[in-house]
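Student: Have a look at this one before I ask anything.
All of the numbers you see were taken from the coordinates with simple rules; none came from a lab. Source: prediction; values computed, not measured. Reconstructed Cβ throughout: ideal geometry from the backbone, glycine too, with neighbour counts over all protein chains shown.
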């Protein structure tokens with residue numbers, strides 16, 4: 001059966017007839033073409049990943065791992081304020097002003113990573129100048 005865009009039946013071919021067999025061949029050809037296309041894309045993606053892995057040296061991988069570990073540790077407002085040497089209320093004031101945009105945990109409390117704290121220290125030092 002052939003359908004139009006609205007889903008109505010346009011033409012009915014009896015099973016085993018010549019036109020019906022032609023349509024089956026067309027669909028088989030389209031299926032195979034799509035399958036080969038997807039296989040080629042998957043192969044290219046795999047080759048690109050292998051190329052990137054070979055370009056990244058082992059020492060760079062260590063740096064990335066350390067960075068991932070540093071960004072995994074999270075600090076709350078009190079701990080961050082203690083590290084920065086300011087009062088916790090100042091951090092709330094900076095958030096209210098929009099100068100600081102912390103990440104949130106599952107309870108929607110503001111949390112900071114080591115990388116965020118380093119950026120805050122640099123930002124705080126530029127303010128004092």
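Student: Using Cα pairs under 8 angstrom and six or more residues apart, how large is the relative contact order of the chain, in percent?
Tutor: The value is 17 percent.
Student: Cα-based Rg of region 1-55 per 2.2 N^0.38 Å, rounded to two decimals?
Tutor: Dividing the Cα Rg of region 1-55 by 2.2 N^0.38 Å gives 1.91.
Student: Once you place label points 7 Å from the Cα toward the Cβ at residue 33 and residue 69, how far apart are they in nm?
Tutor: 5.3
Student: Compute the helix-to-body angle for 88-97: its Cα long axis versus the longest principal axis of the chain, expressed 0 to 90° and rounded to tens.
Tutor: 50
Student: With the crude spin-label approximation of a point 7 Å out along Cα→Cβ, what separation in nm comes out for residue 25 versus residue 105?
Tutor: Label at residue 25, label at residue 105, 6.8 nm between them.
Student: For region 2-104, what percent of Cα pairs sit more than 21 Å apart?
Tutor: 71
Student: Taking only Cα atoms, what is the 0 to 90° angle, nearest 10, from helix 18-55's long axis to the longest principal axis of the chain?
Tutor: Value to nearest ten degrees: 30.
Student: Report, in deg cm²/dmol and to the nearest 500, the calculated mean residue ellipticity at 222 nm for the chain, where each DSSP H run with n ≥ 4 adds -39500 (n - 2.57) and the sum is divided by the residue count.
Tutor: Dividing the helical sum by the residues of the chain leaves -22500 deg cm²/dmol.
Student: Between region 33-100 and region 2-19, what's the alpha-carbon centroid distance in Å?
Tutor: First find each Cα centre; the distance between them is then 53 Å.
Student: At residue 17 and residue 40, where each label point lies 7 Å from the Cα along Cα→Cβ, what is the point-to-point distance in nanometres?
Tutor: According to this spin-label approximation, the distance is 3.6 nm.
Student: Let me ask another. If I fit a long axis through the Cα atoms of helix 58-72 and take the longest principal axis of the Cα atoms of the chain, what angle between them do I get, 0 to 90°, rounded to 10?
Tutor: 70
Student: Hey, another quick one. Please report the relative contact order for region 72-128, taking Cα pairs under 8 Å with a sequence separation of at least 6, and give it as a percent rounded to a whole number.
Tutor: In percent, rounded to a whole number, it is 41.
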